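**Q** Sending over a structure as structure tokens; questions will come in a sec.
The values are calculated or read from the model by the stated rules, or taken from the named source; none is laboratory data. Not measured: the values here are computed from a predicted model. Note that each Cβ is placed from the backbone with ideal geometry, even for glycine, and that neighbours are counted across all protein chains shown. Calculation scope for accessible area: heavy atoms of the full protein, side chains included, ligands and nucleic acids excluded. Shrake-Rupley method; radii C 1.70, N 1.55, O 1.52, S 1.80 Å.
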Amino acid sequence: MIRWRAPDWPSVSLNTDGARKGLEQAGAGGLLRDFNGNWIKGFIVNLGTCSVLSAELWGLLHGLKMAWENGFRRVQVGVDNKSVVQLLKMDSVSDTENAALIKTIRELLERDWSVHLEHVYREANYAADFLASYSLNSPIGLHVLNSPPTEIVGILCKDAYGIAHPRLVLS
């Protein structure tokens with residue numbers, strides 16, 4: 001069973017995700033939550049046309065910037081794309097399409113703060129997944145969400161109460 005895990009106090013949780021619909025539309029979304037699972041702030045960004053990996057990276061960049069700009073210095077980050085985590089941990093980047101974006105994220109991660117980046121399963125990232133999909137129906141650009149969209153409240157409540165989701169893992 002998989003569930004969202006709250007961060008230890010005084011850390012905050014940042015979950016981000018990217019989404020793509022067809023060949024012409026990509027977006028990302030993310031949210032900050034406290035150690036009780038309460039919404040702090042979120043964002044959606046309609047990116048127009050880009051790859052899924054680029055959308056995931058843009059989501060992470062916007063989420064990290066949001067955390068930094070709001071004064072959070074202990075951040076637990078969950079992304080459900082393992083390639084994002086692997087790319088950021090590699091010494092050199094062979095992905096030329098996203099090289100500048102990866103460099104910018106790495107520079108942000110090197111600031112004076114504690115950021116723990118980890119891969120999480122999609123079932124632990126439903127809220128960010130919802131926001132990424134939600135971004136595809138918004139105007140192009142970044143939109144900061146000071147309060148959660150009503151459609152996500154049920155997901156947030158399930159996460160805060162620790163409700164787990166089954167995951168079928170094939171070996």
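**Q** Taking only the alpha-carbon positions of the stretch 76-171 and ignoring solvent, what does the Debye formula give for the base-10 log of I(q)/I(0) at q = 0.16, 0.17 Å⁻¹?
**A** Evaluating at q = 0.16, 0.17 Å⁻¹ gives log10 I(q)/I(0) of -0.95, -1.04.
**Q** Then there's this: Taking a probe of 1.4 angstrom, what is the accessible area of His143 in Å², to the nearest 10?
**A** Estimated to the nearest 10 Å², His143 gives 50 Å².
**Q** Here are a few candidate values for Cα Rg over 2.2 N^0.38 Å: (1) 1.45; (2) 0.97; (3) 1.13. Which one was actually calculated from the structure I just gave you?
**A** Label (2) holds the value from this structure.
**Q** In Å², and per residue, what accessible area does the stretch 54-162 have when probed at 1.4 Å with the other protein chains present?
**A** Ligands and nucleic acids excluded, the figure is 53 Å² per residue.
**Q** Say R0 is 25 Å: what FRET efficiency, to the nearest 0.05, do Val93 and Glu123 get from their beta-carbon distance?
**A** About 0.30, to the nearest 0.05.
**Q** Sort Cys157, Cys50 by accessible area with a 1.4 Å probe, largest first.
**A** Ranked from most to least accessible, the order is Cys157, Cys50.
**Q** For the stretch 17-109, what D do you get in µm² per second when you plug the Kirkwood radius from alpha-carbon pairs into Stokes-Einstein at 25 °C and 0.890 mPa s?
**A** The estimated diffusion coefficient comes to 178 µm²/s.
**Q** Under Stokes-Einstein, with the Kirkwood radius over Cα pairs standing in for Rh, what whole-number D in µm²/s applies to the stretch 22-71 at 25 °C and 0.890 mPa s?
**A** 212 µm²/s
**Q** Check Leu117: other-chain or 5+ apart residues with amide H under 5 Å from its amide H, H built from backbone geometry?
**A** Val77
**Q** May I ask which residue of Ile44, Ala164, Leu64 lies farthest towards the positive end of the charge dipole of the chain, with charges of +1 (Lys, Arg) and -1 (Asp, Glu) on Cβ and the Cα centre as origin?
**A** Farthest towards the positive pole: Ala164.
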